[in-house]
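Report on the structure given below.
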Amino acid sequence: MSHNTFGHLFRVTTWGESHGPALGCVVDGAPPRLPLKAEDIQQWLDRRKPGQSRFTTQRREPDAVKILSGTFVEDGIEMTTGTPISLMIENVDQRSKDYGDIVEKFRPGHADLTYFLKYGIRDYRGGGRSSARETAARVAAGAVARAMLPDMTIRGALVQMGPHKIDRVNWDWNEVENNPFWCPDAKAAAEWETYLDGVRKAGSSCGAVIEVVASGVPAGLGAPIYGKLDADLAGAMMSINAVKGVEIGDGFAAASLSGEENADEMQSGPHGIEFASNHAGGVLGGISTGQDVVARFAVKPTSSILSPRKTVTKGGDDTEIVTKGRHDPCVGIRAVPVGEAMMACVLADHWLRHRAQMGEAKS
């Protein structure tokens, strides 16, 4: 299986399976002498780990990260050496027997079928590499990227669950940490509890939309044509398991705007150019404007559900499938820290690329 690596100068290779002994990543390109210890990475993994509420899978994984290489303690400070950083997270709560009934069956809406058609073999235990469990390694890599970007703030929020959207008038970043959905609208979060309880008790699932915002991004990141910042962001978000759509700024909504409405008007201010709006999501011509970079992605409903669905077996026979086990009724909830991590990795990569091309030139 190829293509397990993303990035150009900041490169991340993830490895491992959902029900294997461990998973992890190798991060290459982080500058030397960057303060980094396991606790710096663990704080972000703790936000993604399963079993933290009744609304996520009850698989109990501590997601404890170990740094295997790439750091050295000097003068009492653990810091990067500039060599590849290898990170490992052990799996401790696999329950492969839950998948015994689907050994010969493909889950509708899941990568089971395409993996088998391509490789002639599939890991039915949780989906192997296609499992959202792989994203723990991305969050670990994102923690390294964040350490490289101390002047940037990267935050994510769930803005839609199933058909239910937040009211943006109620947006409060402080509220995101106060509910199990990473929701910036307290009223919507309360309503979602009732909605998702119903979905969960019915043995079904629902989708979600996540918004990720990066503040403090300098102007000038990205390159025209084939190195566009928004193109790389779209690709990074689209690579997250279960993501089916990505937009930057107003995205598809921009198609319904007039030219006057869509234009982010500019004027001179005490600290440089000021924008009256941010329909572009902080990127013009593939290059950051200095405004907040805004990306949004849609996550489909979890494919592993208790409702009987028609499918076929590996032998081509028609049958029905019911997927038992511990699954997220809305996998989009735990996708919030994953989206943040991918934003961090892309920005770290573009920051290095910009510095390599422009040197000390000011944007």
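The values are calculated or read from the model by the stated rules, or taken from the named source; none is laboratory data. Being a predicted model, the structure only gives us computed values, none of them experimental. Note that we place each Cβ from the backbone using ideal geometry, even for glycine, and neighbour counts take in every protein chain shown. Just the protein is used for accessible areas: all its heavy atoms, side chains included, with ligands, DNA and RNA removed. Shrake-Rupley method; radii C 1.70, N 1.55, O 1.52, S 1.80 Å.
Among the listed residues I287, I273, identify the single one that is touching a helix residue (DSSP H, G or I) at 6+ places or on another chain (Cβ under 7 Å) and over 30 Å from T114 (Cα atoms).
Details: I273 fails: touching a helix residue (DSSP H, G or I) at 6+ places or on another chain (Cβ under 7 Å).
From the options I287, I273, the qualifying one is I287.
Residues of the stretch 222-245 being open to solvent by 60 Å² or more (accessible area, probe 1.4 Å), in contact (Cβ under 8 Å) with a residue 40 or more places away in the chain and in a loop (DSSP other than H, G, I, E, B), which ones? If you could, list the steps in order and put the result at the bottom.
Pass one, the stretch 222-245, residues open to solvent by 60 Å² or more (accessible area, probe 1.4 Å): 224-226, 228, 238, 244.
This time we only want the ones that are in contact (Cβ under 8 Å) with a residue 40 or more places away in the chain, so: 224-225, 228, 238, 244.
The answer is P224, I225, K228.
Please specify each residue of the stretch 63-90 satisfying the condition of being assigned to a loop (DSSP other than H, G, I, E, B), under 14 Å from E39 (Cβ atoms) and either modelled with pLDDT of 95 or more or not charged (D, E, K, R) (or both).
Step one: filter the stretch 63-90 for residues assigned to a loop (DSSP other than H, G, I, E, B), giving 63-64, 70, 75-76, 81-84.
Cutting the leftovers down to under 14 Å from E39 (Cβ atoms) gives us 63-64.
Hit for the stretch 63-90 is A64, nothing else.
Output the residues belonging to the stretch 114-133 that are in a helix (DSSP H, G or I) and farther than 8 Å from E17 by Cβ.
Correct list: T114, Y115, F116, L117, K118, Y119, S130, A132.
Return only the number of the condition from (1) in a loop (DSSP other than H, G, I, E, B); (2) open to solvent by less than 30 Å² (accessible area, probe 1.4 Å); (3) β-branched (V, I, T); (4) modelled with pLDDT of 85 or more that T56 does not satisfy.
Evaluating T56 over (1) in a loop (DSSP other than H, G, I, E, B); (2) open to solvent by less than 30 Å² (accessible area, probe 1.4 Å); (3) β-branched (V, I, T); (4) modelled with pLDDT of 85 or more leaves (4) as the failure.
Test A298 against the criterion of being in contact (Cβ under 8 Å) with a residue 12 or more places away in the chain, of a type in the set (G, A, S), open to solvent by less than 30 Å² (accessible area, probe 1.4 Å) and closer than 30 Å to P163 by Cβ, and give yes or no. Let's see the steps before the verdict.
Working: in contact (Cβ under 8 Å) with a residue 12 or more places away in the chain: yes; of a type in the set (G, A, S): yes; open to solvent by less than 30 Å² (accessible area, probe 1.4 Å): no; closer than 30 Å to P163 by Cβ: yes.
Judged against the criteria, A298 is not a match.
Where residues in the stretch 155-209 are of a type in the set (S, T, N, Q) and open to solvent by 30 Å² or more (accessible area, probe 1.4 Å), which of them is nearest to T302 (Cα to Cα)?
At the first step, the residues of the stretch 155-209 found to be of a type in the set (S, T, N, Q) are 160, 170, 174, 178-179, 194, 204-205.
Right, trim to open to solvent by 30 Å² or more (accessible area, probe 1.4 Å) and you get 160, 170, 174, 178, 194, 204.
Numbers: Q160: 15, N170: 28, N174: 28, N178: 24, T194: 18, S204: 8 Å.
Only one residue fits best here, namely S204.
Condition first: at pLDDT 90 or above and surrounded by fewer than 17 Cβ atoms within 10 Å (Cβ to Cβ). Now tell me which residues in the stretch 114-125 satisfy that. Step through it out loud before you land on a result.
Looking only at the stretch 114-125, we keep the residues that are at pLDDT 90 or above, and these are 114-120.
Scanning the stretch 114-125 gives T114, F116, L117, K118, Y119, G120.
So, in the stretch 312-332, of the ones that are touching a helix residue (DSSP H, G or I) at 6+ places or on another chain (Cβ under 9 Å) and in a strand (DSSP E or B), which residue ends up surrounded by the most Cβ atoms within 10 Å (Cβ to Cβ)?
First, the residues of the stretch 312-332 that are touching a helix residue (DSSP H, G or I) at 6+ places or on another chain (Cβ under 9 Å): 312, 314, 321-326, 328-331.
Checking the rest, the ones that are also in a strand (DSSP E or B) come to 312, 321.
On the way: V312: 15, I321: 22.
The selected residue is I321.
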